[in-house]
Amino acid sequence: MKSLRLQRAGLYTKGFNCLGDCGTDHGKLPIYCVEQGFVKKAYASDNKEGPLDNAVKNIQDKGLQNKVIPLLADGLVYLNEEIDVVSILGMGGRMIVSILKTADLSHVKRLILIANSENFLLRDFLEQAEWLIIAEELIKENGKFYQLLILEKGLMNLSNIEKEFGPFIIKEKSENFEEMLKLLLKKLIVAKLEAKSDSAKKKIETRIKELEEVLM
Ligand SMILES: C[S@@+](CC[C@H](N)C(=O)[O-])C[C@H]1O[C@@H](n2cnc3c(N)ncnc32)[C@H](O)[C@@H]1O
């Protein structure tokens with residue numbers, strides 16, 4: 001499989017029984033996890049027929065109909081006792097929160113998440129819902145940065161900056177992280193030059209300082 005983002009996410013299903021991949025679209029993640037023998041079985045679910053048709057075709061092409069089950073479903077309404085690991089990748093953080101909020105996660109031991117946006121909101125919810133981040137990666141794919149979050153049940157207490165960028169990601173200070181923050185800083189410097197009022201300028205200065213401290 002070509003996608004580094006999906007490869008890295010898939011690795012964290014290793015040793016689990018059955019994956020529920022919500023918002024599967026093409027179904028590449030559950031297909032990969034079953035093909036690699038990371039899980040015995042997987043559900044590939046999507047709430048739209050078009051994307052699910054792509055998954056059905058890919059599952060058939062690989063002859064995995066008995067092991068990867070396509071499902072037309074909104075969110076995670078289909079969770080059952082055999083599904084012990086759940087992935088939701090490629091949606092906004094707010095949408096992921098709303099799916100997790102309404103799901104019965106009592107049999108789920110691990111969550112694998114990538115939000116395209118609103119990571120602060122997502123980590124804030126996960127902290128309150130008593131999910132603990134056990135690993136994180138900042139992945140760059142096609143010029144975009146993706147925060148991969150791996151969680152198991154437990155307590156955490158994150159600062160605001162950790163909710164935004166991730167405690168493991170901040171600690172690791174990878175090349176990707178430095179590149180991402182330097183890009184953010186560049187944009188802020190331009191915004192500061194263009195700021196119309198002193199208060200707007202001050203706000204941007206505070207944010208610049210905050211990001212510079214994270215980089216140190
Ligand atoms: C951008 S794609 C991501 C595909 C794949 N997970 C990935 O990361 O490459 C998002 C998919 O989520 C599906 N989706 C959005 N809201 C959903 C929901 N509430 N329940 C299930 N699927 C949903 C969309 O139909 C779409 O196929």
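Computed values, structure above
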{"quantity": "In the range 29-114, the chymotrypsin sites (Phe, Trp or Tyr not before Pro) that fall in loop regions by DSSP, at most 16 other Cβ within 10 Å", "calculated": "Tyr78"}
{"quantity": "Helix 119-128 axis, angle to the chain major axis (alpha carbon atoms, nearest 10°)", "calculated": "70 degrees"}
{"quantity": "The range 110-172: C-alpha pair distances exceeding 14 Å, %", "calculated": "51 percent"}
{"quantity": "Accessible surface of the range 4-159, 1.4 Å probe, proportion on carbon and sulfur as whole %", "calculated": "47 percent"}
{"quantity": "Given the chain, longest segment not containing exposed loop trypsin sites (Lys or Arg not before Pro) (DSSP; at most 10 other Cβ within 10 Å)", "calculated": "3-195"}
{"quantity": "Nearest 10 degrees, 0 to 90: helix 49-61 Cα axis against the chain principal axis", "calculated": "60 degrees"}
{"quantity": "The chain: projected area of the alpha-carbon convex hull, averaged over directions, in nm²", "calculated": "12.9 nm²"}
{"quantity": "Cα centroid separation, the range 1-51 to the range 142-161 (Å)", "calculated": "19 Å"}
{"quantity": "Cα-based reach from Lys28 at 13 Å (exclusive), listing aspartates and glutamates while leaving out same-chain residues under 8 positions away", "calculated": "Asp46, Asp53, Asp61"}
{"quantity": "Excluding exposed DSSP-loop GluC sites (Glu not before Pro) (at most 13 other C-beta within 10 Å), longest clean stretch of the chain", "calculated": "131-216"}
{"quantity": "Solvent exposure of the chain as accessible area per residue, Å², 1.4 Å probe", "calculated": "54 Å²"}
{"quantity": "Cα-Cα over 31 Å, subset of Lys40/Lys163; Lys48/Lys192; Lys163/Lys201; Lys14/Lys187; Lys153/Lys173", "calculated": "Lys40/Lys163; Lys48/Lys192; Lys14/Lys187"}
{"quantity": "Cα-Cα over 23 Å, subset of Lys140/Lys202; Lys171/Lys209; Lys101/Lys209; Lys2/Lys57", "calculated": "Lys140/Lys202; Lys101/Lys209"}
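The values are calculated or read from the model by the stated rules, or taken from the named source; none is laboratory data. The structure presented is a predicted model; accordingly, all values stated were derived computationally and were not measured. Virtual Cβ from ideal backbone geometry, glycine too; neighbours counted across all protein chains shown. What goes into the accessible areas is simple: the full protein's heavy atoms, side chains included, and nothing from ligands, DNA or RNA. Shrake-Rupley method; radii C 1.70, N 1.55, O 1.52, S 1.80 Å.
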